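These notes concern the structure reproduced below.
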Amino acid sequence: MVDLSVKIGDVICQNPIQPASGAFSWEYNDVIDLNRLGALVAKTICREPRLGNPTPRMAETEAGIIQSIGLPGKGIDYFVENIVPEYARFKPPLVVSVSSESIEDFAALSRELSVPDVDVIECNISCPTRNTSGGNFALQEEHTKEVMTAIREATDKPVWAKLSPNAGDIVSIAVAAEEAGADALVIANTFLSLKIRTDNFRPALGNKFGGMVSPALKPIVLRMVYQVAKEVNIPIIGVGGVTKAEDVVEYMLAGAHAVGIGYAGFRNPTALTTIIDDLEIWCDERGIERVTDLIGAVKDDDMEMDPLVAASHGV
Amino acid sequence: MTNLAPNEKYTNSAIRPGEPDPYPQKPVGEYITDVVSNNWVNDEYKLMVLKAPEKALTAYAGQFFHLLCPSPDGAEVWMRRPMSVYNVDKSAGQIEFLYKCEGRGTKGMGTLEAGDTFNVSGPLGIGFNLDPAWKNIVVLGRGVGLATLAPLSLMAAENGVGVTAILSARKTELVMSEDLFKGIGAATIKVVDTDGSSDVSNVEKILEGLILNGKADAFFTCGSSRLLKLMQTLGKSHGVPGQVAMEQIMVCGFGACYVCMRTFEVDGAQTLRRVCREGPVFNMQEAVGW
């Protein structure tokens, strides 16, 4: 039987399947066994208690949903005291996600989150709805470098940088995060989007802009993971449009160590564990002994071509 | 687990027909149920009857299921649709939904026929509760809101609590579930737009009469912000407690995504609550209309 375990830096996950931050909470324990997941990923926490954005917070479009939640939460103190213990009841490593508008506060929050039950700090430097220009610190290299450097100095916990698909050149952002000391990269957050209702001419979301979530995004994010994996030496968690085991395989072939899943868990509450089951079957049927053998195993260096087409290659 | 290679026949890794509930020990399930029937009850509403596993039969009044509706138009329906349970028939192993074919989800649901399968998740949320001190309750619902109040009335009747049901609709032909309310011995009062009897001022008179006659130990409502406000006002001035079942656009159904928020006022301060997790049934006095 295939060994599904993966190591993301020093963090050992029993399989490469984890929920995406924001799309998951310990309440899913009502329907699936959370101890089966590769990691648990809490919703992004901020220093201050936040109500979040005005409703409606979700709208359906032709090719997926757009949503704008606004990072609701009861603040850092409540989180450490009450939410972390909710997750600590379960075995998989706990990834906490954090966001702030200032570099100093980002660092301070990371320090305060460095409690024993926390295994990883995911730096959500890319929430698309925190401000309307797209991401916070994940759109320009120098911003990414500055914030990740400050966080790196503030904590000994592994830090994962969650990047924005709205950046012009995500590869340079990824390299900046790695150079600043990130232990892994989460690629990517949601795509900044807009829907306008034609019945009343108003934006469909209370916050106007939202982040798009959809299987339609998978080829785009997969391309980003592939490009970044060629340029960095730290693990990547691919997030975007995973709804089946083959999607996990695709992300791993492109160079990811693991995947984060959001939409599929909304559509099918049991999807995450079903994908784990299916991934095991998929590997066993093909005699793959370790799922890690798939990482970066895409065959892209000996592409077979028709001779005439090959003659024009590179033109 | 089946022996099928993933994706050999399915487009995603989801629970498949014929597969058992993977986590029978969990309170909530995702199941593929069989459609027993799905017939029109009038020009606008349909009644769906599903053969459902035992865990689904634990649903009680006010709780809901999250329904993976098929598409009515060839384009994708991306999210589930929450729907309160209309009836649970434990002996037949069936759950029922009474719904208006209005949006894309419910229109798609309307296309299902006996013999089809339907993926539902639940039971979810916190439903109605009856204080043992209440001897007579008043339920006031408009349109499809009555589908939510019907099982509550049944629960009340089973516990020996008297029910007065005020059924509001645009016109007489669209008054829902009158037979069901009569069947459990409820006093029913129909009010409709066509003769003006559904006006707030008239409903107010009816409610005041019920309070005077000792028929209103508690108020229950669903489906109309206007009627909610009326019951809140009367409930406050006459000291009648109440509960309201609320709706909101929903995504996960488990309390994870924080999409289905509504505003509530508690001790003078406004707060947001998740309809799926803290509700969908709330203390009437704390609800802020929509």
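A short reminder: the numbers here are calculations on the coordinates, not readings from a lab. These figures come from a predicted structure and were not determined experimentally. A quick note on method: Cβ atoms are made from the backbone with ideal geometry, for glycine too, and the neighbour counts reach across all protein chains shown.
Remarks
- Translational diffusion of chain A, estimated by Stokes-Einstein from the Kirkwood radius over alpha carbon pairs at 37 °C in a medium of 0.692 mPa s, is 165 µm² per second.
- For a straight C-alpha distance cut-off of 19 angstrom, the lysines reachable from B:LYS46 (same-chain residues fewer than eight places away being disregarded) are B:LYS100, B:LYS107, B:LYS171.
- Euclidean distance between Cα centres, region A:10-71 to region B:30-82, Å: 26 Å
- Cβ charges +1 (Lys, Arg) and -1 (Asp, Glu), total dipole of region A:6-311, debye: 1100 debye
- Contact order relative to length of chain A, as percent, for alpha carbon pairs under 8 angstrom and 6 or more apart: 20 percent
- For B:LYS205, the lysines whose Cα comes closer than 18 Å to its Cα, not counting residues fewer than 8 places off in the same chain, are B:LYS190, B:LYS215, B:LYS229, B:LYS236.
- Point-to-point label distance, A:ALA63-B:THR271, nm (Cα→Cβ direction, 7 Å offset): 4.2 nm
- Cross-link reach list, aspartates and glutamates versus B:LYS135, counting only Cα pairs under 18 Å and skipping chain neighbours closer than eight places: B:GLU158, B:GLU208, B:ASP217
- Highest average first, the peptides B:153-161, A:244-252 ordered by how many other beta carbon atoms sit within 10 Å of their residues are A:244-252, B:153-161.
- Loop trypsin sites (Lys or Arg not before Pro), region B:29-137, which have at most 10 other Cβ atoms in a 10 Å radius of their Cβ (DSSP): B:LYS90
- Extended-chain gain in nm, criterion 0.36 nm per residue less alpha-carbon gap, A:ASN82 and A:ASP10: 23.3 nm
- Full extension of the chain between A:ARG111 and A:LEU194 yields a length gain of 26.3 nm, computed as 0.36 nm times the residue separation minus the alpha carbon distance.
- Applying a threshold of 20 Å to the alpha-carbon distances of A:LYS244/B:LYS51; A:LYS43/A:LYS218; A:LYS7/A:LYS145; A:LYS43/A:LYS74 flags A:LYS244/B:LYS51; A:LYS43/A:LYS218; A:LYS7/A:LYS145 as lying beyond it.
- Positive-pole candidate from B:VAL200, B:ILE126, A:VAL186, dipole of the protein assembly as shown, charges at beta carbon: B:VAL200
- Cα-projected label distance for A:ASP156 with A:ASN233, points at 7 Å along beta-carbon direction, nm: 2.4 nm
- Rounded to the nearest 20 debye, the dipole size of chain B about its Cα centre is 340 debye, using +1 on the Cβ of Lys and Arg and -1 on the Cβ of Asp and Glu.
- Using only side-chain charges placed at the Cβ, +1 for Lys and Arg and -1 for Asp and Glu, the dipole size of the protein assembly as shown relative to its Cα centre rounds to 2000 debye.
- With both residues required to sit in the protein assembly as shown, DSSP beta bridges show an antiparallel share near 55%.
- Mean ellipticity per residue at 222 nm, deg cm²/dmol - from DSSP H runs of n ≥ 4 across the protein assembly as shown, formula -39500 (n - 2.57): -6500 deg cm²/dmol
- With the simple spin-label model, which puts each label point 7 Å out from Cα in the Cβ direction, the B:ASN202 to B:ALA157 separation comes to 2.5 nm.
- Of all DSSP beta bridges in region B:110-266, antiparallel share, percent nearest 5: 0 percent
- For region B:29-124, the relative contact order is 42 percent, taking Cα pairs closer than 8 Å that sit 6 or more residues apart in sequence and dividing their mean separation by the residue count.
- Taking every alpha-carbon pair under 8 Å whose residues sit at least 6 apart, chain B reaches a relative contact order of 16 percent.
- Ordering B:VAL144, B:CYS101, B:PRO20 by Cα displacement along the dipole of chain B toward the positive end leaves B:VAL144 in first place; charges were set at the Cβ atoms of Lys, Arg (+1) and Asp, Glu (-1).
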